[in-house]
Amino acid sequence: MIETSRRSEAAPTTLALWRPTGPEELALVEASGWRAWPPRLPDQPIFYPVLNEDYAIRIARDWNVPASGVGHVTRFEIEADFAARYPVRQAGGETILELWVPAEELAEFNRHIVGRIELVRSFRPAREGPSENGE
């Protein structure tokens, strides 16, 4: 259920995470060169990427689309040893798992991202349907 990969002997073991996001957050990620998540807003004390793509798809499609007209799913890798410091929370069913990162630690979290944040899916209202790899 939790995906880890090994890039090479010199590279750290990584943990794959997904993040459902709306258009405003995605624009800020793009502005970072696809390397960092933006600081949380005052009413967002936790940054919570999710541990599987299916859960991210459900959030992007079922929550982000109605809220902002489009929902995106991103994927990124983080150093597994670093990510282990954050609790995994079960937010519902057995596969509804989130990593809870306090907002004040997000800058440090970003420094442990390996590679770039990737846009893997975008969803729009049903009349337009989903698209793969972008809008």
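The values are calculated or read from the model by the stated rules, or taken from the named source; none is laboratory data. Computed from a predicted model, the values in this text were never measured in an experiment. All Cβ positions, even for glycine, are placed from backbone atoms using ideal geometry, and neighbour counts span all protein chains on display. All accessible areas refer to the heavy atoms of the entire protein, side chains included, with ligands and DNA or RNA removed. Shrake-Rupley method; radii C 1.70, N 1.55, O 1.52, S 1.80 Å.
Here are the numbers for this structure:
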| quantity | calculated |
| --- | --- |
| Sulfur and carbon atoms: percent of accessible area, the chain [1.4 Å] | 51 percent |
| Two-site FRET efficiency, residue 54 against residue 81, from Cβ-Cβ distance with R₀ of 35 Å, rounded to 0.05 | 0.85 |
| The chain: calculated mean residue ellipticity at 222 nm from DSSP helix runs of at least 4, using -39500 (n - 2.57) | -5000 deg cm²/dmol |
| Charge context of residue 62, other residues only, Cβ under 15 angstrom, K/R +1, D/E -1 | +2 |
| Two-site label geometry, residue 30 and residue 104: point separation in nm, points 7 Å out along Cα→Cβ | 3.4 nm |
| For region 14-135: relative contact order, % (alpha-carbon pairs under 8 angstrom, 6 or more apart) | 33 percent |
| Positive minus negative residues near residue 36 (Lys, Arg vs Asp, Glu; Cβ under 14 Å) | -1 |
| Listed residues 71, 92, 22, most fluctuating in the chain (Gaussian network, C-alpha, under 10 Å) | 92 |
| Residue among 58, 85, 116 with the largest mean-square fluctuation in a Gaussian network model of the chain, springs linking Cα atoms under 10 Å | 85 |
| Per residue accessible area in Å² of region 22-126, where ligands, DNA and RNA are left out and the probe is 1.4 Å | 51 Å² |
| Computed magnitude of the charge dipole of region 41-83 (debye, nearest 20; Cβ of K, R +1, Cβ of D, E -1) | 240 debye |
| Dipole of the chain [Lys/Arg +1, Asp/Glu -1 at C-beta], most positive-end residue of 106, 49, 27 | 27 |
| Area accessible to solvent at residue 32, 1.4 Å probe radius, in Å² | 40 Å² |
